[in-house]
Amino acid sequence: MSSVSAGWYKDPADTSTQRYWDGEGWVGKAIPADAVPPDGPPPAEPEPPAAEAAPPVPAPQPAPVPAGPPPGWAPQPPPPPGWQPPPGMQPPPGWQPPSGLQPPPGWQPAPGAQPMHAHPYPYPMPMPEARPHGMALAGLGRRLTARLIDIAAVLLLNVVVNGYFVYLYLQDFWPIFTAAWEQAMAGSTQPVMQQGTPRMSTLSVAIVMIATLLWLVYEAPSIAGSGQTLGKRIMGIKVVAMERTGELGFARAFTRWARLGMWTLFWWCCVGLIVQFLYSLSPLFDSRLRQAWHDKAAGTVVVAVPPGTKPTVETATRGDNPGGPQ
């Protein structure tokens with residue numbers, strides 16, 4: 001079974017046209033590549049009317065083969081010395097047949113085998129671009145811009161909700177920092193290590209927990225309902241499931257967020273920041289569907305949805321979606 005979903009793609013035999021792929025083969029007539037295809041498969045072509053039975057045509061009689069050459073015929077003289085065929089009738093210097101049309105050195109066909117090409121075209125068949133549910137994949141630049149907008153929105157929420165706790169933390173941290181700075185500026189060779197207060201330890205845990213919860217509350221419900229956060233809505237991209245275009249639901253949206261957001265709890269040792277950075281780069285490792293690791297965990301994909309665009313396929317069945325769960 002083909003892993004390419006049904007839809008309109010460029011015809012591999014003629015890239016200036018496009019045809020409809022039904023998941024198993026090409027159907028219908030080709031249309032120009034820049035034309036807007038209809039929704040779904042092309043309409044069925046009417047069958048031509050049955051032609052009336054034509055009267056049998058008598059078989060032509062073979063012409064009699066002459067017993068010899070016609071009268072006056074004589075063998076043609078050989079070409080003059082030094083004669084060369086015209087330039088248009090001979091290959092250019094150094095011409096060799098394409099490598100795909102000649103066997104490797106020493107190759108011998110199996111007894112009784114018939115020579116054949118590895119594919120029906122004299123060139124490798126191009127793989128059509130994946131279009132989940134008839135929508136184009138979101139570009140990496142738009143996804144990065146959307147993520148930066150979301151980071152700014154979550155940071156603004158932290159300023160409003162978490163700002164007071166950060167202020168209390170700085171009240172205890174600033175005297176320690178000032179004392180260490182004065183010792184360093186005085187040239188002390190044995191600076192006294194300042195210990196943080198118990199309130200600083202409590203506040204640091206509370207600040208990280210609140211920041212993680214604010215990110216969860218900002219992203220998971222919006223992805224569960226519309227598939228779009230503020231940044232994704234501005235950039236015209238959307239998170240959809242691999243097998244359908246409806247709402248993801250909170251459980252699935254939480255699974256997608258948790259693979260990235262829960263690492264915020266490990267910012268204190270820098271491990272969380274490194275893992276989140278790698279997760280952000282993970283779409284570069286999937287050239288087919290551009291799925292990040294958290295998309296693979298939730299079975300989702302990010303697509304581009306310009307204003308007025310609607311999916312051309314509502315639901316994929318039997319796991320026919322490219323790269324989708326089987």
(request) Name every residue in the range 133-174 that is part of a loop (DSSP other than H, G, I, E, B), at pLDDT 90 or above and surrounded by 17 or more Cβ atoms within 10 Å (Cβ to Cβ), in order of residue number. (result) ALA138, ASN162
(message) When the residues of the range 175-209 are narrowed to those that are of a type in the set (Gly, Ala, Ser) and exposed (fewer than 14 other Cβ atoms within 10 Å of the Cβ), which ends up modelled with the lowest pLDDT?
(response) SER188
(request) Please tell me if GLY82 is part of a loop (DSSP other than H, G, I, E, B), within 55 Å of the chain's Cα centre (by Cα), outside the structural domain of ALA136 (by TED's automatic domain parsing) and modelled with pLDDT of 75 or more. (result) no
(message) Looking only at the range 19-38, count every residue that is farther than 18 Å from PRO132 by Cβ and either assigned to a strand (DSSP E or B) or of a type in the set (Ser, Thr, Tyr) (or both) and tell me the total.
(response) 8
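The values are calculated or read from the model by the stated rules, or taken from the named source; none is laboratory data. Note that the coordinates shown come from a computational prediction; the quantities given were computed from them, not determined experimentally. Here Cβ is always computed from backbone atoms with ideal geometry, including for glycine, and neighbour counts include all displayed protein chains.
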